[in-house]
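The values are calculated or read from the model by the stated rules, or taken from the named source; none is laboratory data. Note that the structure is predicted; figures quoted are calculated from it, not measured. Here Cβ is always computed from backbone atoms with ideal geometry, including for glycine, and neighbour counts include all displayed protein chains. Accessible surface areas use protein heavy atoms only, side chains included; no ligands, DNA or RNA. Shrake-Rupley method; radii C 1.70, N 1.55, O 1.52, S 1.80 Å.
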Amino acid sequence: MKTENENTNMKTNSDMADSPQYEKAAMKKFTLRSVICLAVGGIAGYLFAFGSTHLKTLFTAFTKYSQVYFPVLQIYFFPWLLLVFTLICTMINNKLLKKSKLQIASWDGENDDHINIADTCLNKVLLISNIESVGTQMIFAVITYHLMKNLQDKSNTNVMMIFIAVAIYIASMAAIILQQKLVIQLMKKYSPEKRGSIYDKHFQDVWFATCDEGERHIIYKSCYKTFQFMNKVFSVCLVAATIIGMFVSIGILCAIIIGFLWLIMTCCYTRECIRLENKR
Amino acid sequence: MPLYNRLKEYRARISVNQQEMGTLVGTSRQTISLIERGDYSPSVTLALKIARVFDVPVEDIFYYEEGD
(Lines give C-alpha, C1' and ligand atoms only; values in the text may rest on other atoms or scores of the structure.)
Protein backbone atom coordinates (compact mmCIF):
# COMPACT_ATOMS: atom_id res chain seq x y z
CA MET A 1 0.00 0.00 0.00
CA LYS A 2 1.27 3.45 -0.85
CA THR A 3 1.05 4.88 2.66
CA GLU A 4 2.89 1.99 4.22
CA ASN A 5 5.71 2.27 1.69
CA GLU A 6 5.91 6.01 2.23
CA ASN A 7 5.97 5.48 5.98
CA THR A 8 8.74 2.89 5.60
CA ASN A 9 10.81 5.20 3.42
CA MET A 10 10.29 8.11 5.78
CA LYS A 11 11.29 5.96 8.75
CA THR A 12 14.43 4.74 6.95
CA ASN A 13 15.37 8.29 5.91
CA SER A 14 14.85 9.71 9.40
CA ASP A 15 16.80 6.85 10.95
CA MET A 16 19.67 7.55 8.54
CA ALA A 17 19.45 11.28 9.20
CA ASP A 18 20.47 10.66 12.81
CA SER A 19 23.85 9.20 11.95
CA PRO A 20 27.10 11.27 11.78
CA GLN A 21 27.95 9.50 8.50
CA TYR A 22 24.75 10.82 6.94
CA GLU A 23 25.56 14.33 8.17
CA LYS A 24 29.06 14.09 6.72
CA ALA A 25 27.83 12.75 3.38
CA ALA A 26 25.12 15.44 3.17
CA MET A 27 27.68 18.16 3.95
CA LYS A 28 30.01 16.84 1.26
CA LYS A 29 27.20 16.92 -1.31
CA PHE A 30 26.21 20.40 -0.19
CA THR A 31 29.80 21.66 -0.49
CA LEU A 32 30.15 20.11 -3.93
CA ARG A 33 26.84 21.63 -5.10
CA SER A 34 27.88 25.06 -3.76
CA VAL A 35 31.26 24.89 -5.52
CA ILE A 36 29.61 23.86 -8.79
CA CYS A 37 27.05 26.68 -8.50
CA LEU A 38 29.81 29.20 -7.75
CA ALA A 39 31.81 27.98 -10.73
CA VAL A 40 28.80 28.05 -13.06
CA GLY A 41 27.82 31.49 -11.75
CA GLY A 42 31.34 32.78 -12.24
CA ILE A 43 31.61 31.46 -15.80
CA ALA A 44 28.12 32.73 -16.66
CA GLY A 45 28.96 36.12 -15.14
CA TYR A 46 32.18 36.32 -17.17
CA LEU A 47 30.35 35.38 -20.37
CA PHE A 48 27.62 37.91 -19.64
CA ALA A 49 30.18 40.65 -19.02
CA PHE A 50 32.14 39.59 -22.11
CA GLY A 51 29.04 39.58 -24.26
CA SER A 52 27.31 42.44 -22.46
CA THR A 53 27.78 44.86 -25.34
CA HIS A 54 26.14 42.44 -27.75
CA LEU A 55 23.44 41.54 -25.25
CA LYS A 56 22.79 45.20 -24.63
CA THR A 57 22.40 45.80 -28.37
CA LEU A 58 20.06 42.84 -28.57
CA PHE A 59 17.93 44.02 -25.66
CA THR A 60 17.94 47.61 -26.92
CA ALA A 61 16.64 46.39 -30.27
CA PHE A 62 14.05 44.24 -28.48
CA THR A 63 12.98 47.22 -26.37
CA LYS A 64 12.74 49.45 -29.45
CA TYR A 65 10.57 47.00 -31.38
CA SER A 66 8.40 46.20 -28.39
CA GLN A 67 7.79 49.92 -27.85
CA VAL A 68 6.57 50.13 -31.44
CA TYR A 69 4.55 46.92 -31.62
CA PHE A 70 3.36 46.44 -28.05
CA PRO A 71 0.71 49.22 -28.08
CA VAL A 72 -0.74 47.68 -31.27
CA LEU A 73 -0.81 44.18 -29.78
CA GLN A 74 -2.15 45.58 -26.53
CA ILE A 75 -5.23 47.06 -28.19
CA TYR A 76 -5.85 44.75 -31.13
CA PHE A 77 -4.55 41.35 -30.07
CA PHE A 78 -4.81 40.88 -26.31
CA PRO A 79 -8.59 41.53 -26.01
CA TRP A 80 -9.24 38.76 -28.54
CA LEU A 81 -6.66 36.56 -26.80
CA LEU A 82 -8.64 37.12 -23.60
CA LEU A 83 -11.83 36.04 -25.37
CA VAL A 84 -10.25 32.92 -26.90
CA PHE A 85 -8.63 31.98 -23.58
CA THR A 86 -11.96 32.33 -21.74
CA LEU A 87 -13.82 30.32 -24.37
CA ILE A 88 -11.30 27.47 -24.37
CA CYS A 89 -11.29 27.21 -20.57
CA THR A 90 -15.09 27.37 -20.40
CA MET A 91 -15.50 24.68 -23.08
CA ILE A 92 -13.10 22.32 -21.33
CA ASN A 93 -14.82 22.90 -18.00
CA ASN A 94 -18.27 22.31 -19.47
CA LYS A 95 -17.12 18.96 -20.80
CA LEU A 96 -15.68 17.97 -17.43
CA LEU A 97 -18.81 19.10 -15.59
CA LYS A 98 -21.03 17.02 -17.92
CA LYS A 99 -18.82 13.98 -17.36
CA SER A 100 -18.94 14.35 -13.59
CA LYS A 101 -22.76 14.81 -13.64
CA LEU A 102 -23.06 11.53 -15.54
CA GLN A 103 -20.78 9.74 -13.08
CA ILE A 104 -22.70 11.06 -10.08
CA ALA A 105 -26.00 10.02 -11.68
CA SER A 106 -24.57 6.49 -12.22
CA TRP A 107 -23.40 6.16 -8.62
CA ASP A 108 -25.22 3.42 -6.71
CA GLY A 109 -23.89 4.53 -3.31
CA GLU A 110 -21.41 1.65 -3.09
CA ASN A 111 -19.07 1.53 -6.07
CA ASP A 112 -16.31 4.07 -5.49
CA ASP A 113 -15.19 4.28 -9.12
CA HIS A 114 -17.95 6.62 -10.30
CA ILE A 115 -17.40 9.04 -7.44
CA ASN A 116 -13.62 8.94 -7.83
CA ILE A 117 -13.97 9.83 -11.53
CA ALA A 118 -16.46 12.59 -10.71
CA ASP A 119 -14.17 13.91 -7.96
CA THR A 120 -11.19 13.96 -10.34
CA CYS A 121 -13.21 15.80 -13.01
CA LEU A 122 -14.45 18.39 -10.52
CA ASN A 123 -10.94 18.98 -9.18
CA LYS A 124 -9.76 19.52 -12.76
CA VAL A 125 -12.56 22.05 -13.25
CA LEU A 126 -11.39 23.92 -10.16
CA LEU A 127 -7.79 23.85 -11.40
CA ILE A 128 -8.74 25.15 -14.86
CA SER A 129 -11.04 27.83 -13.45
CA ASN A 130 -8.23 29.00 -11.13
CA ILE A 131 -5.85 29.15 -14.10
CA GLU A 132 -8.55 31.00 -16.03
CA SER A 133 -9.01 33.47 -13.19
CA VAL A 134 -5.32 34.29 -12.84
CA GLY A 135 -4.71 34.22 -16.60
CA THR A 136 -7.64 36.59 -17.19
CA GLN A 137 -6.31 39.04 -14.59
CA MET A 138 -2.83 38.92 -16.15
CA ILE A 139 -4.09 39.49 -19.70
CA PHE A 140 -6.31 42.31 -18.45
CA ALA A 141 -3.31 43.88 -16.72
CA VAL A 142 -1.45 43.84 -20.05
CA ILE A 143 -4.45 45.40 -21.86
CA THR A 144 -4.83 48.18 -19.30
CA TYR A 145 -1.11 48.98 -19.10
CA HIS A 146 -0.74 52.72 -19.78
CA LEU A 147 -4.53 52.88 -20.01
CA MET A 148 -4.73 56.62 -19.38
CA LYS A 149 -2.27 57.33 -22.18
CA ASN A 150 -4.21 55.10 -24.60
CA LEU A 151 -7.49 56.80 -23.73
CA GLN A 152 -5.97 60.25 -24.06
CA ASP A 153 -4.97 59.40 -27.64
CA LYS A 154 -8.71 59.80 -28.28
CA SER A 155 -8.74 57.18 -31.00
CA ASN A 156 -12.26 55.76 -31.23
CA THR A 157 -10.87 52.32 -32.00
CA ASN A 158 -8.72 52.39 -28.86
CA VAL A 159 -11.65 53.32 -26.67
CA MET A 160 -13.94 50.75 -28.29
CA MET A 161 -11.38 47.94 -27.92
CA ILE A 162 -10.82 48.80 -24.27
CA PHE A 163 -14.55 48.67 -23.59
CA ILE A 164 -14.73 45.32 -25.41
CA ALA A 165 -11.86 44.05 -23.25
CA VAL A 166 -13.63 45.18 -20.08
CA ALA A 167 -16.85 43.43 -21.19
CA ILE A 168 -14.94 40.22 -21.94
CA TYR A 169 -13.18 40.45 -18.58
CA ILE A 170 -16.47 40.79 -16.69
CA ALA A 171 -18.02 37.92 -18.69
CA SER A 172 -14.98 35.77 -17.93
CA MET A 173 -15.23 36.44 -14.19
CA ALA A 174 -18.96 35.61 -14.28
CA ALA A 175 -18.23 32.34 -16.10
CA ILE A 176 -15.58 31.39 -13.53
CA ILE A 177 -17.95 32.03 -10.61
CA LEU A 178 -20.69 30.01 -12.30
CA GLN A 179 -18.36 27.08 -12.97
CA GLN A 180 -17.16 27.05 -9.37
CA LYS A 181 -20.75 27.23 -8.13
CA LEU A 182 -21.64 24.17 -10.21
CA VAL A 183 -18.63 22.31 -8.83
CA ILE A 184 -19.72 23.01 -5.25
CA GLN A 185 -23.30 21.95 -6.04
CA LEU A 186 -22.13 18.65 -7.53
CA MET A 187 -19.69 17.98 -4.68
CA LYS A 188 -22.51 18.44 -2.18
CA LYS A 189 -24.46 15.68 -3.96
CA TYR A 190 -21.99 12.98 -2.94
CA SER A 191 -20.75 14.76 0.19
CA PRO A 192 -23.96 16.07 1.77
CA GLU A 193 -22.15 17.04 4.99
CA LYS A 194 -20.38 19.85 3.12
CA ARG A 195 -21.56 23.39 3.77
CA GLY A 196 -20.90 26.80 2.28
CA SER A 197 -22.03 29.13 -0.46
CA ILE A 198 -19.70 30.38 -3.15
CA TYR A 199 -21.13 33.86 -2.66
CA ASP A 200 -20.15 33.94 1.01
CA LYS A 201 -16.86 35.76 1.64
CA HIS A 202 -16.12 33.24 4.42
CA PHE A 203 -16.79 30.30 2.10
CA GLN A 204 -13.29 28.82 2.47
CA ASP A 205 -13.52 28.85 6.30
CA VAL A 206 -17.03 27.38 6.30
CA TRP A 207 -16.09 24.66 3.83
CA PHE A 208 -12.91 23.82 5.74
CA ALA A 209 -14.88 23.52 8.98
CA THR A 210 -16.93 20.73 7.37
CA CYS A 211 -13.83 18.81 6.29
CA ASP A 212 -12.99 15.82 8.43
CA GLU A 213 -9.53 14.56 9.44
CA GLY A 214 -8.89 12.65 6.22
CA GLU A 215 -9.75 15.61 4.02
CA ARG A 216 -7.75 17.99 6.20
CA HIS A 217 -4.78 15.62 5.98
CA ILE A 218 -4.88 16.01 2.18
CA ILE A 219 -5.17 19.80 2.49
CA TYR A 220 -2.23 20.01 4.91
CA LYS A 221 0.00 17.82 2.75
CA SER A 222 -0.87 19.82 -0.38
CA CYS A 223 -0.17 23.11 1.39
CA TYR A 224 3.23 22.00 2.63
CA LYS A 225 4.17 20.72 -0.81
CA THR A 226 3.11 24.09 -2.25
CA PHE A 227 5.21 25.92 0.35
CA GLN A 228 8.29 23.86 -0.54
CA PHE A 229 7.74 24.38 -4.26
CA MET A 230 7.09 28.11 -3.96
CA ASN A 231 10.34 28.59 -2.05
CA LYS A 232 12.17 27.27 -5.10
CA VAL A 233 10.03 29.29 -7.53
CA PHE A 234 10.56 32.55 -5.65
CA SER A 235 14.32 32.04 -5.43
CA VAL A 236 14.60 31.32 -9.18
CA CYS A 237 12.37 34.30 -10.05
CA LEU A 238 14.32 36.66 -7.82
CA VAL A 239 17.62 35.62 -9.38
CA ALA A 240 16.13 35.90 -12.88
CA ALA A 241 14.70 39.37 -12.15
CA THR A 242 18.09 40.49 -10.79
CA ILE A 243 20.00 39.23 -13.85
CA ILE A 244 17.45 40.54 -16.38
CA GLY A 245 17.53 43.91 -14.59
CA MET A 246 21.24 44.14 -15.43
CA PHE A 247 20.43 44.31 -19.15
CA VAL A 248 16.85 45.47 -19.56
CA SER A 249 15.22 48.48 -17.94
CA ILE A 250 12.58 46.60 -16.01
CA GLY A 251 13.10 48.70 -12.92
CA ILE A 252 13.67 47.30 -9.45
CA LEU A 253 9.94 46.94 -8.70
CA CYS A 254 9.93 43.41 -10.15
CA ALA A 255 12.66 42.11 -7.81
CA ILE A 256 11.18 43.96 -4.83
CA ILE A 257 7.69 42.54 -5.37
CA ILE A 258 9.02 38.99 -5.75
CA GLY A 259 11.15 39.37 -2.64
CA PHE A 260 8.25 40.90 -0.72
CA LEU A 261 5.89 38.05 -1.63
CA TRP A 262 8.53 35.49 -0.70
CA LEU A 263 9.03 37.21 2.61
CA ILE A 264 5.28 37.26 3.36
CA MET A 265 4.94 33.57 2.56
CA THR A 266 7.91 32.56 4.71
CA CYS A 267 6.85 34.75 7.65
CA CYS A 268 3.23 33.54 7.47
CA TYR A 269 4.31 29.94 7.53
CA THR A 270 6.85 30.35 10.33
CA ARG A 271 4.50 32.47 12.43
CA GLU A 272 1.75 29.87 12.12
CA CYS A 273 4.17 27.09 13.10
CA ILE A 274 5.21 29.05 16.21
CA ARG A 275 1.58 29.73 17.10
CA LEU A 276 0.62 26.07 16.75
CA GLU A 277 3.68 24.96 18.74
CA ASN A 278 2.85 27.37 21.57
CA LYS A 279 -0.75 26.17 21.63
CA ARG A 280 0.49 22.87 23.04
CA MET B 1 5.41 0.78 10.56
CA PRO B 2 2.64 0.28 7.98
CA LEU B 3 -0.92 0.12 9.25
CA TYR B 4 -3.26 -2.42 7.67
CA ASN B 5 -7.01 -2.67 8.08
CA ARG B 6 -9.96 -4.97 7.52
CA LEU B 7 -12.50 -2.19 7.37
CA LYS B 8 -13.94 -3.18 4.00
CA GLU B 9 -14.41 -6.76 5.17
CA TYR B 10 -16.19 -5.70 8.36
CA ARG B 11 -18.29 -3.20 6.46
CA ALA B 12 -19.44 -5.95 4.07
CA ARG B 13 -20.50 -8.12 7.04
CA ILE B 14 -23.05 -5.57 8.19
CA SER B 15 -23.93 -4.44 4.63
CA VAL B 16 -23.20 -0.74 4.92
CA ASN B 17 -21.70 1.32 2.15
CA GLN B 18 -18.95 3.88 2.62
CA GLN B 19 -21.37 6.79 2.82
CA GLU B 20 -23.36 5.07 5.59
CA MET B 21 -20.16 4.07 7.38
CA GLY B 22 -19.03 7.67 7.30
CA THR B 23 -22.32 8.82 8.76
CA LEU B 24 -22.10 6.23 11.56
CA VAL B 25 -18.66 7.40 12.67
CA GLY B 26 -19.12 11.11 11.88
CA THR B 27 -16.75 11.32 8.99
CA SER B 28 -16.95 11.59 5.20
CA ARG B 29 -17.21 8.89 2.56
CA GLN B 30 -13.90 10.09 1.22
CA THR B 31 -12.08 9.46 4.51
CA ILE B 32 -13.53 5.94 4.74
CA SER B 33 -12.31 5.35 1.18
CA LEU B 34 -8.85 6.71 2.03
CA ILE B 35 -8.63 4.44 5.09
CA GLU B 36 -9.69 1.34 3.15
CA ARG B 37 -7.16 2.04 0.40
CA GLY B 38 -4.44 2.47 3.00
CA ASP B 39 -3.79 6.06 1.94
CA TYR B 40 -4.64 7.45 5.36
CA SER B 41 -4.22 6.18 8.92
CA PRO B 42 -7.13 7.33 11.09
CA SER B 43 -6.71 9.10 14.39
CA VAL B 44 -7.13 7.08 17.58
CA THR B 45 -10.57 8.64 18.12
CA LEU B 46 -11.79 7.67 14.68
CA ALA B 47 -10.32 4.16 14.95
CA LEU B 48 -12.13 3.67 18.27
CA LYS B 49 -15.41 4.94 16.78
CA ILE B 50 -15.05 2.53 13.87
CA ALA B 51 -14.36 -0.39 16.19
CA ARG B 52 -17.37 0.53 18.31
CA VAL B 53 -19.66 0.32 15.25
CA PHE B 54 -18.69 -3.33 14.76
CA ASP B 55 -18.48 -4.02 18.50
CA VAL B 56 -14.98 -5.43 18.21
CA PRO B 57 -11.61 -4.40 19.61
CA VAL B 58 -9.63 -1.88 17.54
CA GLU B 59 -6.92 -4.46 16.96
CA ASP B 60 -9.39 -6.66 15.07
CA ILE B 61 -9.81 -3.98 12.43
CA PHE B 62 -6.44 -2.18 12.43
CA TYR B 63 -3.14 -3.97 12.75
CA TYR B 64 0.48 -3.61 11.83
CA GLU B 65 3.26 -6.04 11.15
CA GLU B 66 6.66 -5.25 12.56
CA GLY B 67 9.68 -5.54 10.39
CA ASP B 68 7.93 -4.40 7.16
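Only helices reaching 18 angstrom along their own axis (Cα) with mean Kyte-Doolittle hydropathy no lower than 0.0 count here, and for the DSSP H runs of chain A these are A:20-50, A:52-76, A:78-106, A:112-143, A:156-190, A:213-247, A:253-279. Surface analysis of the stretch A:76-185 yields an accessible area of 57 Å² per residue, using protein heavy atoms and a 1.4 Å probe. Averaged over the residues of peptide B:40-47, the number of Cβ atoms from other protein chains lying within 10 Å of each residue's Cβ is 3. When the helices in chain B are scored as -39500 (n - 2.57) per DSSP H run of 4 or longer and the sum is shared across all residues, what 222 nm value do you end up with, to the nearest 500 deg cm²/dmol? Value at 222 nm, helices only: -15000 deg cm²/dmol.
Ranking of A:76, B:40 by solvent-accessible surface, largest first: A:76, B:40 (1.4 Å probe, protein heavy atoms only, all chains present).
Pairs exceeding 31 Å between alpha-carbon atoms, taken from A:64/A:232; A:24/A:279; A:181/B:8; A:99/A:201: A:64/A:232; A:24/A:279; A:181/B:8.
Take the Cα of residue A:144, step 7 Å toward its Cβ, do the same at residue A:80, and the gap between the two points is 2.3 nm.
For residue A:114, the accessible surface of its heavy atoms amounts to roughly 50 Å² (probe 1.4 Å, protein chains only, rounded to the nearest 10). Note on chain B: with neighbouring protein chains present and a 1.4 Å probe, carbon and sulfur make up 49 percent of its accessible heavy-atom surface.
Return the average number of partner chain Cβ atoms within 10 angstrom of each residue Cβ along peptide B:19-27.
3
Percent of accessible area on the stretch A:180-242 owned by carbon and sulfur, 1.4 Å probe? Mind showing how you got there, number by number?
Values: 2580 of 4040 Å².
Roughly 64 percent of what the probe reaches on the stretch A:180-242 is carbon or sulfur.
Is there a quick way to get the dipole size of the stretch A:89-173? I mean about its Cα centre, with the Cβ of Lys and Arg at +1 and of Asp and Glu at -1; what is the value in debye to the nearest 20?
Numbers: 7 positive and 7 negative charges, 111 e Å.
That gives a dipole near 540 debye.
Estimated from helices alone, the mean residue ellipticity of chain A at 222 nm is -30500 deg cm²/dmol (sum of -39500 (n - 2.57) over DSSP H runs with n ≥ 4, per residue).
With charges only on Cβ, +1 for K and R and -1 for D and E, what is the dipole size of the protein assembly as shown about its Cα centre, in debye, rounded to 20? Present the calculation step by step, with values, prior to reporting the outcome.
On the way: 37 positive and 30 negative charges, 286 e Å.
My answer is approximately 1380 debye.
Each of A:80, A:107 has its accessible area taken with a 1.4 Å probe; listed largest first, they run A:80, A:107. Summarising the label geometry, the points placed 7 Å from Cα in the beta-carbon direction at residue A:63 and residue A:202 lie 5.1 nm from one another.
Farthest towards the positive end of the charge dipole of chain B, among the residues B:40, B:58, B:16, is the Cα of B:16, using unit charges on the Cβ of Lys, Arg, Asp and Glu.
Solvent exposure of residue A:148, expressed as accessible area, is near 120 Å², computed with a probe of 1.4 Å over the protein chains only. Take each residue of peptide A:102-114, count the partner chain Cβ atoms within 10 Å of its Cβ, and average: the result is 2.
Please compute how much accessible surface disappears when B pairs with A, both sides summed, using a 1.4 Å probe, and round it to the nearest 100 Å².
Counting both chains, the buried surface is close to 2000 Å².
In this view, the solvent-accessible surface of residue A:145, computed with a 1.4 Å probe and all protein chains in place, comes to about 120 Å².
Which percent of the accessible area of the stretch A:27-106 is formed by carbon and sulfur heavy atoms (probe 1.4 angstrom)? Display every interim value, and only then the final one.
Details: 4820 of 6190 Å².
Here carbon and sulfur together make up 78 percent of the probe-accessible area.
When the stretch A:163-280 is described by a simple charge dipole with +1 on each Lys and Arg Cβ and -1 on each Asp and Glu Cβ, the residue from A:247, A:172, A:269 located farthest towards its positive end is A:269.
If you stretched the chain out fully between residue A:25 and residue A:247, how much longer would it get, using 0.36 nm times the residue separation minus the C-alpha to C-alpha distance? Write out the running numbers ahead of the final one.
Numbers: separation 222, 0.36 × 222 = 79.92 nm, distance 3.95 nm.
Between residue A:25 and residue A:247, full extension yields 76.0 nm more.
Pop the C-beta distance of residue A:240 and residue B:9 into the FRET formula with R0 = 56 Å and round what comes out to the nearest 0.05. Efficiency, rounded to the nearest 0.05: 0.55.
Label the stretch A:67-129 by shape, choosing from rounded, prolate and oblate, from the square roots a ≥ b ≥ c of the eigenvalues of the Cα gyration tensor; if a/c is under 1.5 it is rounded, and otherwise prolate applies when a/b is larger than b/c, oblate when it is not. Taking the square roots of the gyration eigenvalues as a ≥ b ≥ c, the stretch A:67-129 is prolate.
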